[in-house]
Amino acid sequence: MIVHDEQNGLFTLHTKNTTYQMKVDKYNILLHTYYGPRLGDADLSRLIRYADRGFSPNPGEAGHCRTYSLDTLPQEYSTSGAGDFRLPSLELELPDGSHVTELRYTGFRRVEGKYVIEGLPAFFGDGGETLVLLLEDAAAKVAVELCYGVFEDYDLITRAARIINLGPETIEICRAASLCLDFPAADMDYISFNGRHAMERCMDRSPLRPGVQSVGSVRGTSSHQHNPFVMLCSRDAGEEHGLCYGAMLLYSGNFEAGVERSQFETCRLVMGINPYHFRYSIRPGKGFTTPEAALVFSNCGFGNMSRQFHRAIMEHLRRDNRPGRKPVLVNSWEAAYFDFDSEKLLELAGQAAELGIELFVLDDGWFGRRNSDLGGLGDWWVNREKLPGGLEALVPKINALGMEFGLWIEPEMVSEDSELYRQHPDWVLCTPGREPVRGRSQLVLDFTREEVRDHIYREISRVLSSANISYLKWDMNRSLTQVWSAGLPAQRQGEVYHRYVLGVYELLERFHRDYPGILIEGCSGGGGRFDAGMLYYTPQIWCSDNTDAIDRLSIQYGTSFAYPPCTMGAHVSAVPNEINRRSTPLETRGTVAMAGVFGYEMDLCKTSPEEREIIARQICRYKEWWDLVEQGDYYRLSTPGEAFTAWAHISRDKRRALVSLVTGPTHAAPPFMNLRISGLEPGLNYRINGAESFPGDLLMYAGYPLPLLLGDYQSMQLYMEAE
Ligand code: DGJ
């Protein structure tokens, strides 16, 4: 609900459990007065106090009034150069060379339904409401429109800013954040999700320290290293209690999420495109819209916050063109890498079909002269040495086994050893006069250019039309370097990083639109581009190249703070694991993979009869329980690294649940432990694995008595049904 109190200059956004308020003050400065548990419509600016603070300057309108300073007041969208020395949201270079912006409120618009952002991903939904606040810097001739979307039932507020040039000359944007959020106190913890290739999104929590703390990416993608999702929470906050704010950026390129603890113990969170090598020219009359940011506040801990994000992503972001149960898949990568032919693939598919697997995904190596990762990218025609009859011959045979067929592509890349590169060496991102910087021996195509995207679209379309393909894995295996485009003049090279992301989105949108029957899975060397922006185009993303069940516990745990299980690709692979050489029981690998979009990634032809029996059982179980993982609510029941890691998928009506648990390394004579299962209905009785039944309140507050699980990395699945 959006409430406008004209007399007091108040704009109050209410969701079911939260309130967000802004106030236009006597100088037409837009202050942020409150964000937290739901309140009435009262003027919360009474929480703001004024004092003469040394060295905090006073804006023109305030004259010599020393108690009024932008340096101390909570701002809704901070600017640079005019007396607020904390993190700026907006920094412009004006035609006179100055970097000063002073925004003043000029009006508002209220729009039915949720705003859209052309060319960028955004939450959608008819039920949403939009508030647009209009600000202007009259001297700079710049307008800023702050857009707010309100999703009441999800406690979700979205934001984006549009910067419009009203003057006669071009202006330059040096920084334009999507979100600025001022808090009256700084006694909070900052939580971010960090890591590296094959170890993504590990949670980190630390108290705010004086000054700026930030995470971000300058790699051209959202990155393995830091995720565009951060949290601020009260010091006592945990899974089920305490205050917490989650902030998500719907963007797949360079980002920055900075939080500043100020001299007066307030704090500010600013999130948006990373200003590194970002400079965007806006011509007279034109505008620039930032990516969208989304906020959820929870006053009962992290779990509730995550579930709000999950539901909103599932119902208002992820455009799942294949709703319902996703086919259980086998992927050829860890089974065969580049070394396969039709015969080997059919053997693998035949084995998979017998076990109940429904989708065969042919990964890297099927095209051009791609026999290793040294060449072939860009040549999107079938390698006839490996697949003599092409996909036209292979796919019907796979379909005849009762399986669907999926294909891997890496459209944004080119190998120097490829026909495409030989024909168009200028189509890559590379600074003139330099040796190219290679990553996995490949170069990045200049997706800012339409002709490059059109060519790739045509080539891949030809492949898609040649056979019955119902799934695409869209991979991206290096970071951007030497970012320079032959398609833009020198003074506009600061647009390339962002235009690259827009180009990727544009091509994804084309495939999404033109191939509605194809489910696209995102991937970037595993989870290097696992962000809410991608989820708008690819309803699921390969979570990590690390398929070791134990490392995956931390990766999937971290990922789950923002993103629902149904978005996380998770496969069972062979042991010892390719990445860390750890061996875990097959049952445990199945339990962990079943916490996401389930599949296999191993040479099934090399499995023993006992293993095949276990696999067939796992697949049956998944087919029975899939809706809990795909549509249920997710509860983290412990933290990885403790004696066990446990989680639950619970149906919305709380009548069914799948509880999973994995132990760590074994020890002699372990203690007896009980597992408390949150999220159940206390008044219901749950039958567990078709045997004994337990009252919900007992399971929730006293816990389920765990058997002694001896041996390293054991696992257990409890399927519960209310009687
Ligand atoms: C990286 C992906 O994450 C893997 O799953 C696999 O598709 C390889 N690329 C193929 O090159």
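The values are calculated or read from the model by the stated rules, or taken from the named source; none is laboratory data. In this text, all values refer to a predicted model and were calculated from it rather than measured experimentally. Here Cβ is always computed from backbone atoms with ideal geometry, including for glycine, and neighbour counts include all displayed protein chains. Heads up: the accessible areas ignore ligands, DNA and RNA and are worked out on the full protein's heavy atoms, side chains in. Shrake-Rupley method; radii C 1.70, N 1.55, O 1.52, S 1.80 Å.
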Regarding LEU407, is this residue assigned by TED's automatic domain parsing to the domain that holds LEU604, within 13 Å of the ligand (Cβ to nearest atom) and within 25 Å of SER465 (Cβ to Cβ)? yes
Determine whether ARG440 is within 26 Å of ASP603 (Cα to Cα), without any contact (Cβ under 8 Å) to a residue 40 or more places away in the chain and not polar (S, T, N, Q). no
If I filter segment 414-426 for residues that are over 30 Å from GLU450 (Cα atoms), within 16 Å of the ligand (Cβ to nearest atom), modelled with pLDDT of 95 or more and not assigned by TED's automatic domain parsing to the domain that holds GLY220, do I get at least one hit? no
Can you say whether GLU256 is of a type in the set (D, E, K, R), modelled with pLDDT of 95 or more and part of a strand (DSSP E or B), as far as the supplied structure shows? yes
Give just the number: which of (1) open to solvent by less than 10 Å² (accessible area, probe 1.4 Å); (2) under 21 Å from the mean Cα position of the chain (by Cα) does ARG196 not satisfy? (1)
LEU73 vs (1) closer than 18 Å to CYS267 by Cα; (2) open to solvent by 10 Å² or more (accessible area, probe 1.4 Å): all pass except (2)
Odd one out for ILE579, checked against (1) open to solvent by less than 60 Å² (accessible area, probe 1.4 Å); (2) within 16 Å of the ligand (Cβ to nearest atom): (1)
Exactly one of ALA570, ALA595 is assigned to a loop (DSSP other than H, G, I, E, B) and at pLDDT 95 or above, and that one is ALA595
Out of the residues in segment 322-331 that are away from the ligand (no atom under 16 Å from the Cβ) and buried (at least 17 other Cβ atoms within 10 Å of the Cβ), state the one that is nearest to ILE619 (Cα to Cα). VAL328
Condition set modelled with pLDDT of 95 or more and on the phi > 0 side of the Ramachandran plot, scope segment 649-679, selection most open to solvent (accessible area, probe 1.4 Å): answer is LYS654
Output for segment 339-356, where each listed residue is surrounded by 15 or more Cβ atoms within 10 Å (Cβ to Cβ) and under 13 Å from GLU613 (Cα atoms): GLN351, ALA352, LEU355, GLY356
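Here is a yes/no grid of residues against (1) touching a Ser or Thr at 6+ places or on another chain (Cβ under 6 Å); (2) within 16 Å of the ligand (Cβ to nearest atom); (3) open to solvent by less than 10 Å² (accessible area, probe 1.4 Å):
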{"site": "GLY526", "(1), (2), (3)": "yes, yes, yes"}
{"site": "PHE530", "(1), (2), (3)": "no, yes, yes"}
{"site": "GLY533", "(1), (2), (3)": "yes, no, yes"}
{"site": "ALA562", "(1), (2), (3)": "no, no, yes"}
{"site": "PRO585", "(1), (2), (3)": "no, no, no"}
{"site": "MET594", "(1), (2), (3)": "no, no, yes"}
{"site": "GLY599", "(1), (2), (3)": "no, yes, yes"}
{"site": "PRO609", "(1), (2), (3)": "no, no, no"}
Strands (runs of 3 or more DSSP E) enclosed by segment 61-147 - at least 2 residues per element that are of a type in the set (Phe, Trp, Tyr): 104-112
Can you tell me how many residues in segment 427-455 are in contact with an Asp or Glu (Cβ under 8 Å, 6 or more places away or on another chain) and assigned to a helix (DSSP H, G or I)? 3
So if I check each of ALA122, ALA138, ALA143, which one is under 23 Å from the mean Cα position of the chain (by Cα), in the same structural domain as VAL24 (by TED's automatic domain parsing) and of a type in the set (A, V, I, L, M)? ALA122
Just a yes or no: is a residue in segment 478-497 in a helix (DSSP H, G or I), closer than 30 Å to ILE555 by Cα and either open to solvent by less than 10 Å² (accessible area, probe 1.4 Å) or within 16 Å of the ligand (Cβ to nearest atom) (or both)? no
Does segment 631-646 contain at least one residue that is open to solvent by 10 Å² or more (accessible area, probe 1.4 Å), part of a helix (DSSP H, G or I) and not assigned by TED's automatic domain parsing to the domain that holds PHE598? yes
Of all residues making up segment 379-395, the number that are in contact with a strand residue (DSSP E or B) (Cβ under 7 Å, 6 or more places away or on another chain) and within 16 Å of the ligand (Cβ to nearest atom): 3
Residue count for segment 541-560, restricted to those that are under 16 Å from ALA648 (Cα atoms), away from the ligand (no atom under 16 Å from the Cβ) and buried (at least 24 other Cβ atoms within 10 Å of the Cβ): 3
Limited to segment 332-365, what total is found for residues that are within 14 Å of the ligand (Cβ to nearest atom) and under 20 Å from TRP474 (Cα atoms)? 12
Which pairs have Cβ atoms under 6 Å, sit 6 or more apart or on different chains, and link a residue in segment 507-529 that is within 24 Å of THR547 (Cβ to Cβ) to one that is away from the ligand (no atom under 14 Å from the Cβ) and of a type in the set (Lys, Arg)? LEU519/ARG322
If the requirement is being among the hydrophobic types (A, V, I, L, M, F, W, C) and either in contact with a helix residue (DSSP H, G or I) (Cβ under 6 Å, 6 or more places away or on another chain) or within 23 Å of SER234 (Cβ to Cβ) (or both), which of these qualifies: LEU94, LEU13, LEU90? LEU13
Over segment 581-637, the set of residues among the hydroxyl-bearing types (Ser, Thr, Tyr) and more than 23 Å from the chain's Cα centre (by Cα) is SER583, THR584, THR588, THR591, TYR600, THR607, SER608, TYR622
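Condition check ((1) modelled with pLDDT under 95; (2) under 33 Å from the mean Cα position of the chain (by Cα); (3) more than 16 Å from the ligand (Cβ to nearest atom); (4) open to solvent by 10 Å² or more (accessible area, probe 1.4 Å)) across all residues:
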| site | (1), (2), (3), (4) |
| --- | --- |
| ARG369 | no, no, no, yes |
| LEU377 | no, yes, no, no |
| LYS397 | no, no, yes, yes |
| GLU412 | no, yes, no, no |
Can you find a residue in segment 240-255 that is in the same structural domain as THR33 (by TED's automatic domain parsing), open to solvent by less than 30 Å² (accessible area, probe 1.4 Å) and more than 19 Å from the chain's Cα centre (by Cα)? yes
